[in-house]
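Everything on this sheet refers to the single structure shown next.
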2 protein chains.
Amino acid sequence: MSDYKQESLELHRQHQGKIGTAISVPINDKHDLSLAYTPGVAAVCLAIAADKSEARNLSIKGRTIAVISDGSAVLGLGNIGPEAALPVMEGKCALFKSFAGVDAFPICLDTQDPEEIIKTIKYLAPVFGGINLEDIAAPRCFEIERRLQAELDIPVMHDDQHGTATVVLAALINALKLRESSKDEVKVVVSGAGAAGNAIVRLLLGYGVKHVSVCDRQGLLYAGRPDLSGEKFELASITNLSKQQGSLVDALVGADVFIGVSSAGLVTTEMVKNMAERPIIFALANPNPEIMPDEAEAAGAYVVASGRSDFKNQINNVLIFPGVFRGALDNRVRLITDEMLVKAAEALAGLVDDLSVDKILPDAFDKRVANTVANAIK
Amino acid sequence: MSDYKQESLELHRQHQGKIGTAISVPINDKHDLSLAYTPGVAAVCLAIAADKSEARNLSIKGRTIAVISDGSAVLGLGNIGPEAALPVMEGKCALFKSFAGVDAFPICLDTQDPEEIIKTIKYLAPVFGGINLEDIAAPRCFEIERRLQAELDIPVMHDDQHGTATVVLAALINALKLRESSKDEVKVVVSGAGAAGNAIVRLLLGYGVKHVSVCDRQGLLYAGRPDLSGEKFELASITNLSKQQGSLVDALVGADVFIGVSSAGLVTTEMVKNMAERPIIFALANPNPEIMPDEAEAAGAYVVASGRSDFKNQINNVLIFPGVFRGALDNRVRLITDEMLVKAAEALAGLVDDLSVDKILPDAFDKRVANTVANAIK
């Protein structure tokens, strides 16, 4: 890990970042100039002025995504601000291009006011074919995404929510297959009711998982818990149908699946032992998981996944976001729905040829991934 | 011209615009991914969080310009809106890359409210090393540029003002040289008191031209003219020191130089004949100039320039803006001053080896141009 740090700093310094502009038409003489710029470009402007939808055909709008953050919840580093968030957004743009041929540009906003963020993104929308929201803190991320989806005519997706949820679902589909468990019967406990936790719960319910409970720092969410509001209030109304009260320790007793998007070390070997037999453990807190994979396995876990690239079964969003926006652009999708994401998760899960407890997801560099996901987004 | 239209439309449709994203670091395996993205990128984020100025060294901020328009005054097409303006901004970004290796990204804003434009650009500033304002209508362009220059720590330049003015000055320097006229003595009349006219006047005065008058549609600006306010009021106070009143016809009597950034056909052969001997005529209205070059010459004009690529002596901003921002980025210039632009104009004028009335500016594809201009911006 410490080697990566120095090496990554040097790489960024040497290249002054990771992406740049490429010209896709020749500009070698006056004739080229007359076509790409004045006077020829006037005809292109007028064609779009006459019919705005032509912007998708005649400009970068049809193939370009904005990766937008306010720097408020960057990786596990917290609220480090827009300048410091830029290397992550730029990296994401590089992955968009590399994994799915999607042109993407990073936008880091020097405001963390939800209304200002919404307004600014609406002002920027003419240039883009889609908006990937990134590393925006909960709960403002929910309102921002919901409002933009309602008010813009291009797809908007907060990847920390839905990208993560879709990879989790793909991994869970394969884990349940290995364990020969049914989505109707398994008892799933999600630890963390922030951006990722919220989306995971909703996508699992959309997929058809019947028994889902959620814990935050205060323990189980249940309808009627007096301190709940906003998203957590809604979550409590659609999960934990038996209205169980208690801590995460209580919640895990007899549970089949643990999905952690919370904090390091929250789960002990004792808690794993109290779960159902051969439990599934997705400990996704980064960089330090809720329980280390080897400890979980020693305590009886059957399938273990984490968010880290140095362990097996990494829940890696790069399996989803490039393909999702590739599909959204190609198919001119206005709204990316949970139904599409369930199909994307199923398709992604289906790509694992040599399924085993050590391999429940395709390799990130598997060339089939982006197209397979893209085909589900329509 | 009509051929350009069809050919340009086809080019734009075929390539879906003119620029794209390029990746400047390898992303071929898990190790690459760990450096460009998580976990390695966290070290880069923290380095910038500790010292914001590191963003210029470690991200695209140090080499990327935003080309920003509100679509309110696009080419000669007027207020065609942000979507229709995109092909021009994209083209400009292609020229930035092609002529000076500057990475540039187009931003077309879906608002024409000056305060909203200012605020939005300030929100976007973390990502960029400079702001090229483009095709924003007067008078709001003045306030927007002035405020952003005062409130941002990166250079901001409205190219329709200062790019145009700098090329005009370079052309005038060479025209005066050919005519063996002194900047102290020539009488210059500028037709048009909008974005370009304003900046041309100020740059000519900064260069040391003594006698400059400006006409708008109502005739000569003079201190005390009752209808003047804002920029025109200021222009009247620094030009036309003899407080001459009258029309453009009156203003041109005995004038040495006409610079038109106004409307087609405003100047007749008769008016040219009433100017001083061997007058200099820059008729820059686009696409149809204040007087056609051949008519001006027939009436006795000595040096003639226009804004069109199909006539000699084109006043073409591409001679200036790529180099100006190249220099501003390389030399970490916070404010692009008129003093720098005068030096850039002088350097640009000095590049014409075979100076003649038919060639007062370097060729746009002369490889020396961008670096020569860049060296003046420091």
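For the reader, a short list of remarks on this structure follows.
- Euclidean distance between Cα centres, region A:358-378 to region A:64-129, Å: 24 Å
- Only Lys, Arg (+1) and Asp, Glu (-1) charged, at Cβ; region A:212-302 dipole about Cα centre in debye: 260 debye
- Hull-based mean projected area of the protein assembly as shown, where the convex hull spans the alpha carbons, in square nanometres: 32.9 nm²
- Per-copy distances of the A:Gly101 label point, shortest first, in nm (7 angstrom along Cα→Cβ): 3.0
- Candidates per GluC sites (Glu not before Pro) in region A:176-234, loop by DSSP, up to 14 other Cβ within 10 Å: A:Glu180, A:Glu185
- Note on A:Lys243 and A:Lys378: the model spin-label points, each 7 Å out from Cα along the C-beta direction, lie 4.7 nm apart.
- Helix A:338-349 and the longest principal axis of the Cα set of chain A meet at an angle near 80°.
- Copies compared at B:Lys243 - label distances in nm, ascending, label defined 7 Å from Cα in the Cβ direction: 8.8
- Chains B and A, summed buried accessible surface - 1.4 Å probe, Å², nearest 100: 9000 Å²
- Take B:Asp184, push a point 7 Å out from Cα through the beta-carbon direction, and compare it with the same point in every other copy: 10.0 nm, smallest first.
- Dipole size of the protein assembly as shown about its Cα centre, with +1 on Lys/Arg Cβ and -1 on Asp/Glu Cβ: approximately 40 debye, rounded to the nearest 20.
- Between 0 and 90°, nearest 10: helix B:321-330 axis offset from chain B longest Cα axis: 50 degrees
- Taking amide hydrogens as placed 1.01 Å from N in the peptide plane, the amide H of B:Thr64 sits under 5 Å from those of B:Gly129, each at least 5 positions away in sequence or on another chain.
- In degrees, nearest ten, helix B:195-207 long axis to first principal axis of chain B (Cα): 80 degrees
- Label-point separation, A:Glu116 to B:Arg146 (7 Å along Cα→Cβ), nm: 2.4 nm
- Rounded percent of accessible protein surface that carbon and sulfur make up, chain A, 1.4 Å probe: 49 percent
- Of the residues B:Asp354, B:Asp113, the one with the largest accessible area comes first in the ranking B:Asp354, B:Asp113, computed with a 1.4 Å probe on protein heavy atoms.
- Inter-label distance for A:Ser229 and A:Asn371, nm, one decimal - labels placed 7 Å from Cα along Cα-to-Cβ: 5.1 nm
- With all protein chains modelled, accessible area of A:Ile173 [1.4 Å, Å²]: 30 Å²
- Solvent-accessible area lost in complex, 10 Å² minimum, residues of region B:80-95 relative to chain alone, 1.4 Å: B:Ile80, B:Glu83, B:Ala84, B:Leu86, B:Pro87, B:Val88, B:Glu90, B:Gly91, B:Lys92, B:Ala94, B:Leu95
- Loop trypsin sites (Lys or Arg not before Pro), region B:214-271 (other Cβ atoms within 10 Å of the site Cβ: 14 or fewer; DSSP): B:Arg217, B:Lys243
- Rolling a 1.4 Å probe across the protein heavy atoms gives the protein assembly as shown an accessible surface of 36 Å² per residue.
The values are calculated or read from the model by the stated rules, or taken from the named source; none is laboratory data. Quantities reported herein were computed from a predicted structural model and do not represent experimental measurements. No Cβ is skipped: glycine too gets one built from the backbone with ideal geometry, and neighbour counts run over all protein chains shown. Areas reflect the complete protein model, heavy atoms only, side chains present, ligands, DNA and RNA absent. Shrake-Rupley method; radii C 1.70, N 1.55, O 1.52, S 1.80 Å.
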